[in-house]
Amino acid sequence: MNRETPHNARPDASATARSNGEAGPLTRRNIERLRSAQGPNGSGVAGGFAGKGQGASGASADAGNGHGLSTGHGNGQAHGNGQAHGNGQVHGNGHGNGVGAFVRTADSMLETASRLCERVAPLNDQAEIAQAAVSELYDDFDLLIAAILRIDRDAQKLQLVAATGKLVEERLRAGVPVRWEQSLSEGVNGRVARTGRAALVGDADDDPDFIFVPSALRARSAVAVPIRVEGRVWGVLDLEAAEPHAFGRVDLLLAETVASQVGAALHYAELFERFERTLTSTIAVLCDALEAKDPYTAEHARDVADLAEAVGEELGIRGDEMRWLRYAALLHDVGKIGIREEILRKPGRLTEEEFEEMKKHSEIGARMLERIPGFGPVLVLVRAAHERWDGRGYPDGLAGEDIPLGARVIAVCDAFHAMTSDRPYRKALSADEAKAEMRRCAGSQFDPRVVDALLAVLERETLPGPAL
C-alpha cells in the first residue's frame with residue numbers, strides 16, 4: 001500500500017483563491033465564483049477534463065456563444081482550438097489552474113460534503129465515521145486508495161483506522177490483512193501529522209518522502225490533509241491515485257472540507273464516549289446501591305437486561321433505542337431503594353396495602369433518574385415498565401401502543417425471569433410452564449408481538465438466568 005502522500009507541489013496547501021482561476025476555500029464567495037465559471041453561454045471552465053503532462057485541449061465548454069476558460073496541468077499550456085457547442089472558440093489562458101484529473105465543481109463538492117454529513121451524523125463510533133468518509137470519497141473518485149490514519153502518540157505511529165479502494169480489494173483477494181502503520185517521523189503522512197500542513201503531490205516519484213509498498217498497483221499522485229479534533233491533529237486523510245497529477249487544488253479543497261467534517265464528527269464521538277462512560281458509572285453506582293439493599297433485585301435486573309437486549313434485537317430495535325432499553329432494563333427496579341426492606345424481603349405474599357406501597361417504586365425510580373442529565377429516555381421506560389397491555393398496570397394506566405416499546409419489552413422479560421426464579425414465597429416455574437403462562441397472558445398483560453419475540457429468542461438461544 002502507498003500509505004504516503006507527497007508534499008512537493010506547493011509550500012502552502014491551503015489553496016487560497018488566485019487571479020488565474022484557482023479554487024479558494026469553500027466559502028460562499030468562492031462557491032459562487034466556481035459556479036459562475038460554468039455559465040450556460042460558454043463562459044465557464046472548459047469542463048470534463050484536466051490536463052496531465054503536456055496539458056489538455058479545452059474542447060468541451062458548455063453550449064453557448066461565449067468563451068470558455070481552458071485549464072491545463074503539467075506545463076500549464078492549454079489549447080484553444082476546441083469548438084464549444086455554440087459558435088464560440090474556447091481560449092486557453094496559458095496557465096494551469098490547479099484542477100486535477102478528478103474534475104470537481106463547486107456543486108459536486110457541496111453534494112459530496114452534504115452526503116458525507118448525512119452519513120456521519122447518526123454515527124458515534126470513530127471507526128464507522130472514518131469508514132463512511134473514505135467510502136464516500138471512493139464513490140466519487142477513481143482512487144487507488146482512500147484511507148484515514150490515527151496518531152498513536154504513545155507509540156509515535158500512525159495507525160490505519162479505515163481504508164477502501166483498489167489496493168484494499170487487491171489485498172483482500174490475496175488474503176492479506178488490511179493493517180498498516182508507520183512511524184510519525186517517516187513519510188508524507190508522517191510529515192502532515194507532525195506539521196499539521198496539507199500535502200499535494202503531482203508525481204510521487206519526485207517526492208523523497210513518499211513510501212512505496214510492493215504491489216501490482218502503484219500510486220503516482222496523492223493528497224493528504226490533517227484531521228483536527230478540538231484543535232489538535234488527530235490523524236490524516238490520505239487519497240492516492242494511480243495516475244500522476246490526478247489531484248489539483250479543487251480536490252485539495254474538497255479533502256480539507258471532508259477532513260473538517262470528519263474531525264467534527266470524531267469530536268462528537270469523543271464527547272459521546274465520555275458521556276457513555278459517565279452513564280455507565282452512574283448505572284453501576286445505582287446498581288450497587290440496589291444490590292446492597294436487595295441482592296435478588298440487583299441480580300434479577302442484570303438478567304432482565306440481557307434478555308431484553310436479545311428480544312429488542314429480535315424486534316429490530318437498534319442504535320440509541322437499544323442502548324436506552326438496556327439501561328432502563330438494568331434500572332427498571334431501582335426505585336425499590338425507596339421501599340422499606342421488610343416489604344422487599346417479606347417471605348410471604350404482600351398485603352394489599354404493602355403492594356400499593358411496592359407499586360410506588362416505578363415513580364420513585366423515575367424521579368431518581370430525573371436528576372441525571374441525559375437520562376430522559378431511560379426514565380420514561382423505567383416509569384412505564386410495569387404498565388399492562390390492557391391498561392390495568394401502574395403507575396399511569398397506559399394501554400397498548402401508548403406504552404413505549406422498550407417498556408413493553410422490559411415488562412415481558414421481567415415477568416418471564418421472575419416466574420423462572422425462586423422466591424421466598426414460591427418455587428420457580430419451569431421454562432415450559434413460564435412460556436405457557438406468557439402465551440396465556442399475551443394480549444391482556446403483555447404485547448403479543450413482544451411475547452412472540454421472546455419465545456423466538458428462547459427457542460434459538462441459551463441466555464443467562466436461572467431458568468435456562
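The values are calculated or read from the model by the stated rules, or taken from the named source; none is laboratory data. Quick caveat, the model's predicted, so the values are computed rather than measured. Ideal geometry is used to build each Cβ from the backbone, glycine not excepted, and the neighbour counts take in all protein chains shown. These area figures cover heavy atoms from the full protein model, side chains too; ligands, DNA and RNA do not enter into them. Shrake-Rupley method; radii C 1.70, N 1.55, O 1.52, S 1.80 Å.
Conditions (1) in contact (Cβ under 8 Å) with a residue 60 or more places away in the chain; (2) of a type in the set (D, E, K, R); (3) closer than 26 Å to Arg173 by Cα; (4) in contact with a Cys (Cβ under 8 Å, 6 or more places away or on another chain), marked per residue:
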residue	(1), (2), (3), (4)
Arg197	yes, yes, no, no
Ala204	yes, no, yes, no
Asp209	yes, yes, no, no
Ala219	yes, no, yes, no
Val229	no, no, no, no
Gly235	yes, no, no, no
Leu239	yes, no, yes, no
Ala242	yes, no, yes, no
His245	yes, no, no, no
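Residues in the range 311-333 that are closer than 20 Å to Leu458 by Cβ and basic (Lys, Arg): 1 in all. As for the range 235-244, it holds at least one residue that is more than 17 Å from Ala162 (Cα to Cα), at pLDDT 85 or above and more than 30 Å from the chain's Cα centre (by Cα). Every condition in (1) at pLDDT 80 or above; (2) within 17 Å of Glu243 (Cα to Cα) holds for Ile211 except the one numbered (1). Number of residues in the range 160-200 that are within 24 Å of the chain's Cα centre (by Cα) and open to solvent by 60 Å² or more (accessible area, probe 1.4 Å): the value is 6. Taking the numbered list (1) surrounded by fewer than 21 Cβ atoms within 10 Å (Cβ to Cβ); (2) more than 24 Å from Gly348 (Cα to Cα); (3) in contact (Cβ under 8 Å) with a residue 60 or more places away in the chain; (4) of a type in the set (A, V, I, L, M, F, W, C) in turn, Ala418 passes all entries but (2). Among residues of the range 387-411 that are on the phi > 0 side of the Ramachandran plot and open to solvent by 40 Å² or more (accessible area, probe 1.4 Å), none has a Cβ under 8 angstrom from a residue that is in a helix (DSSP H, G or I) and not aliphatic (A, V, I, L, M) at a sequence gap of 6+ or on a separate chain.
On the basis of being open to solvent by 20 Å² or more (accessible area, probe 1.4 Å) and at pLDDT below 50, does Gly72 make the cut? Answer is no for this residue. Quick check on the range 108-133: of everything there that is modelled with pLDDT under 80 and outside any helix (DSSP H, G or I), which residue is surrounded by the fewest Cβ atoms within 10 Å (Cβ to Cβ)? Step by step, filter the range 108-133, then rank; the result is Pro122.
Scanning the range 345-377 for residues that are more than 20 Å from Lys293 (Cβ to Cβ) and crowded, with 16+ Cβ neighbours inside 10 Å returns Phe375, Pro377. Scanning the range 276-297 for any residue that is touching a Gly at 6+ places or on another chain (Cβ under 8 Å) and assigned to a loop (DSSP other than H, G, I, E, B) turns up nothing. Would the range 144-152 turn up any residue that is more than 21 Å from Ala246 (Cα to Cα) and open to solvent by 40 Å² or more (accessible area, probe 1.4 Å)? Looking through the range 144-152, at least one residue is more than 21 Å from Ala246 (Cα to Cα) and open to solvent by 40 Å² or more (accessible area, probe 1.4 Å). Counting just the residues of the range 304-341 that are of a type in the set (D, E, K, R) and within 22 Å of Thr282 (Cα to Cα), which one comes out most open to solvent (accessible area, probe 1.4 Å)? Per the stated criteria, the residue is Glu321.
Going residue by residue through the range 241-255, is there one that turns out to be surrounded by fewer than 19 Cβ atoms within 10 Å (Cβ to Cβ), part of a loop (DSSP other than H, G, I, E, B) and among the hydrophobic types (A, V, I, L, M, F, W, C)? Looking for residues that are surrounded by fewer than 19 Cβ atoms within 10 Å (Cβ to Cβ), part of a loop (DSSP other than H, G, I, E, B) and among the hydrophobic types (A, V, I, L, M, F, W, C), one finds at least one in the range 241-255, hence yes.
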